[in-house]
Structure formats: structure tokens, C-alpha cells
Amino acid sequence: MEDETAKGNLGSAGSVNASISPTIGIETNHKDFYNVLLNYANQTLTTADSITVVTLSNGCPFTDGSVVYQARALYNVMFDTYKVFLDNCEEENNNNSRLMKPEEEENKDLSSLFDAAIFPNPGTANFNIATFGLTEGNVDVTISDVTGKIVYQNKLQVTNALTNFDIDIISGVYFVKIHDSSLNKTLIKKLVVQQ
């Protein structure tokens, strides 16, 4: 499948991918990733595709497969960003585990990390926000145009690291300020609206 995709034979790659019957989670992840990659190449991405990429990108390469690294690269292309992902692997308590974290990793405080992605971007009226570092809670969302005029402001409920909002504004570039009061962290993301 990788060869067909690399050669640009998307129809053939799609046929190969459709013929795969995964039996374990890593195979399912691989198939899901290539479905998204083919949709990206064909410019037919859906919200479900974006969620799949976010989920795979935040996975553990040791238990979810090396496709996690490919999903991270696709994530950065799809969302036009450069995000460095952490390997979200469960810490094992026995010394024989291949998933043991190095000593310096154990001392990092990851509880204060916060990031988010908005999709689809560009989009028209309904947008999703995937949060990293906040699974459940609230975020304050403020959207401003390039002059600084606020065009949208609301507190949104985050469930399973996702929330969404509808907005009726003219086409253009906007800045989305996302504030997590529980961590006292604020992000600013670019949003392109195309009506």
C-alpha cells in the first residue's frame, strides 16, 4: 500500500487498503491512517478523519504501532502547524518492561501541558476543537478578526477532549483565543473561514 501511495496510484492504494481485514489494534490503526491519508490526497477529509488523526497522533508508538509517527506528520501538515507529540505510553511498574521511561522522563511534570487544534480549518460555519492536556472541563473561546474586533465569545464544555461551535461570519482570517482556566493556559490559533 505504501508503494502505491508513494507512486501516486491512489485508486490502487485505496483498493489494497479496502481489502485489508485487521485482526489486531495495530493493523486497525494502520488501515485507519491510510484511509485518512487517501482522503487527504483526494481532498475529501471529514471531521471523522480529523478526529482519527488526532487520536492516532496522541497514541503510543509501542502499543499502537509505528503508524503513530506517520499520523503525527500528517497532523502537522493537515493543521499547518509544528507540534511535538509526547509518547503517551502507560508507565509500567516492573523493571522488565520495554515501556519503562528513562529517569529524566519520570521527573517531567506533564500535567500543565495544554494545546488545541481547530478543524476543519479552513471551514465554513461548524468547527471542532480538539484539546490536548484537557479531557473534561471548560474552555473560554474568543474569536477576533484581524483588526482585533471580537466576533465570537463563549464558554464551551470539553468532553473526551473535544468541543465544537457554530459561527456565522464572513470569509477571512480570524484568531481564536482558547483559555483553560483550570491550568491558567491560553493559546491563540489561526482560523480561516471560507463561505
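Computed from the coordinates by the stated procedures, all read-outs in this text should not be read as laboratory data. Bear in mind that the values here come from a model prediction, so they are computed numbers and not experimental data. With ideal geometry, Cβ positions are generated from the backbone for all residues, glycine too; neighbour counts draw on all protein chains shown.
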Could you compute the FRET efficiency for residue 21 and residue 154, with r as their C-beta to C-beta distance and R0 at 35 Å, rounded to 0.05? 0.20
Sort out for me the Cα centre separation of region 1-60 from region 116-195, rounded to whole Å. 27
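If you build the Cα gyration tensor of region 2-78 and take the root of 5 times each eigenvalue, what three semi-axes come out, in whole angstrom, biggest first?
Values: eigenvalues 67, 47, 24 Å².
Square roots of five times the eigenvalues give 18, 15, 11 Å.
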P(r) of the chain over all Cα-Cα pairs, 5 Å bins starting at 0, rounded to whole percent, reads 1, 7, 14, 16, 18, 14, 12, 9, 6, 2, 1, 0
In region 115-193, how does Rg compare with the Kirkwood Rh, expressed as the Rg/Rh ratio over alpha carbon atoms? 0.94
At 7 Å along Cα-to-Cβ for each site, give me the label-to-label distance between residue 195 and residue 3 in nm. 5.1
Listed here are the pairs 31/177; 149/177; 7/83; 83/149; 7/190; which of them are more than 23 Å apart at the Cα? 31/177; 7/83; 83/149; 7/190
The set of residues whose placed amide H lies less than 5 Å from the amide H of residue 185, leaving out same-chain residues fewer than 5 positions away, is 180
Which whole-Hz couplings ³J(HN,Hα) result when phi for each residue of region 116-125 is put into the Karplus expression 6.51 cos²θ - 1.76 cosθ + 1.60, θ = phi - 60°, listed in order with x for Gly and Pro? 7, 10, 10, 8, x, 8, x, x, 10, 9
